[in-house]
Amino acid sequence: MSLALDAAAQDLLFREARTANTFSDEPVTDEQIQAIYDLVKYGPTAFNQTPLRITLVRSPEARERLVKHMAEGNRPKTATAPLVAILSADNEFHEELPALLPHFPQAKDMFFAERPVREQSAILNGALQAAYFIVGVRAAGLAAGPMTGLDFAGLQKEFLDADHTPLMVVNIGKPGEDAWFPRSPRLAYDEVVTTV
Ligand SMILES: Cc1cc2nc3c(=O)[nH]c(=O)nc-3n(C[C@H](O)[C@H](O)[C@H](O)COP(=O)(O)O)c2cc1C
């Protein structure tokens, strides 16, 4: 009763949404990914920065190059998911800030002139955007399988450049057979929330 979102949408996004470990053969289209991005791009970030970059790994050759950087246990699902996305953070996101924050274009030089500050901000806000993306995948009726069990330095060298920090790899598709591990418990409200 306290939530504005209807119960079916709550289930789709959270209660019944699971992290998939196997996938059906049904393809995931560029149109689906565009619809997901066009929804989740509205998720908030600091200074409205947009550091998230999404690399769709579509060709069999690129998939093979990706799989070899994944941890052993992540390889079969990364090899067989209908679509795999590499999510990274652009450390030079500040170049776009004047356009993205037109009422405060000075933010670019006031706050983000130094690279270490930008990197920290890109990782925090890129990770937020990655989380919005995962929920967006669920909103499209698909399952996501995010993974950080991988060789980050190898992945960066293979697919990105020095200005892009890899955040995670996400398998995307309709779930296949035996797609989930048993649901693990979550911390309860009282264990997480304090009021001061
Ligand atoms: C950032 C991130 C990294 C993860 N890395 C891996 C991974 O490398 N391998 C794996 O099998 N699962 C990985 N997972 C999946 C989590 O274990 C899973 O989402 C979590 O246990 C919740 O599962 P549920 O959605 O089925 O309840 C990762 C999840 C996230 C969000």
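Look through the stretch 66-91, keep the residues that are charged (D, E, K, R) and touching a helix residue (DSSP H, G or I) at 6+ places or on another chain (Cβ under 7 Å), and return whichever of them is nearest to PHE133 (Cα to Cα).
Result: ASP90.
Given the stretch 1-96, what helices (runs of 4 or more DSSP H) lie entirely inside it while holding 3 or more residues that are surrounded by 16 or more Cβ atoms within 10 Å (Cβ to Cβ) and at pLDDT 95 or above?
Counting at least 3 such residues, we get 30-40, 60-67, 75-80.
Please go through the stretch 144-159 and pick out each residue that is aliphatic (A, V, I, L, M) and buried (at least 17 other Cβ atoms within 10 Å of the Cβ).
ALA144, MET147, LEU150, LEU155
Taking the stretch 119-133, which residues are surrounded by fewer than 22 Cβ atoms within 10 Å (Cβ to Cβ) and over 12 Å from ALA89 (Cα atoms)?
Once the filter is applied, which keeps residues that are surrounded by fewer than 22 Cβ atoms within 10 Å (Cβ to Cβ) and over 12 Å from ALA89 (Cα atoms), the stretch 119-133 yields ALA131, TYR132.
Considering (1) closer than 30 Å to VAL117 by Cβ; (2) away from the ligand (no atom under 16 Å from the Cβ), say which one ASP6 fails and leave the rest.
Going through the list (1) closer than 30 Å to VAL117 by Cβ; (2) away from the ligand (no atom under 16 Å from the Cβ), ASP6 breaks only (1).
Yes/no per residue for (1) touching a Gly at 6+ places or on another chain (Cβ under 6 Å); (2) not polar (S, T, N, Q):
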{"position": "ALA4", "(1), (2)": "no, yes"}
{"position": "GLN10", "(1), (2)": "no, no"}
{"position": "THR19", "(1), (2)": "yes, no"}
{"position": "PRO44", "(1), (2)": "no, yes"}
{"position": "ARG63", "(1), (2)": "no, yes"}
{"position": "MET70", "(1), (2)": "no, yes"}
{"position": "ARG75", "(1), (2)": "no, yes"}
{"position": "THR78", "(1), (2)": "no, no"}
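Given the criteria under 21 Å from ARG53 (Cα atoms), under 20 Å from the mean Cα position of the chain (by Cα) and either more than 16 Å from the ligand (Cβ to nearest atom) or of a type outside the set (Phe, Trp, Tyr) (or both), does GLY145 qualify?
Criteria met by GLY145.
Please go through the stretch 113-128 and give me each residue that is in contact (Cβ under 8 Å) with a residue 40 or more places away in the chain and touching a helix residue (DSSP H, G or I) at 6+ places or on another chain (Cβ under 7 Å), ordered by number.
Once the filter is applied, which keeps residues that are in contact (Cβ under 8 Å) with a residue 40 or more places away in the chain and touching a helix residue (DSSP H, G or I) at 6+ places or on another chain (Cβ under 7 Å), the stretch 113-128 yields SER121, ALA122, ASN125.
Among the candidates ALA179, ALA140, ALA162, ALA188, single out the residue that is away from the ligand (no atom under 14 Å from the Cβ), surrounded by 13 or more Cβ atoms within 10 Å (Cβ to Cβ) and more than 16 Å from VAL67 (Cα to Cα).
Result of the check over ALA179, ALA140, ALA162, ALA188: ALA140.
Test each condition in (1) within 21 Å of ASP163 (Cα to Cα); (2) among the β-branched types (Val, Ile, Thr); (3) within 14 Å of the ligand (Cβ to nearest atom) for VAL117 and report the one that comes out false.
Result: VAL117 passes all but (3).
Looking at ALA99, is it surrounded by 15 or more Cβ atoms within 10 Å (Cβ to Cβ) and among the small types (Gly, Ala, Ser)?
Judged against the criteria, ALA99 is not a match.
I'd like to verify a number: residues in the stretch 58-99 that are within 16 Å of the ligand (Cβ to nearest atom), under 19 Å from the mean Cα position of the chain (by Cα) and without any contact (Cβ under 8 Å) to a residue 40 or more places away in the chain, how many?
Adding up the residues that qualify gives 3.
The values are calculated or read from the model by the stated rules, or taken from the named source; none is laboratory data. No experiment lies behind these values; they were computed from the predicted model shown. When we count neighbours, we look across all protein chains shown, and the Cβ atoms used for this are built from the backbone with ideal geometry, even at glycine.
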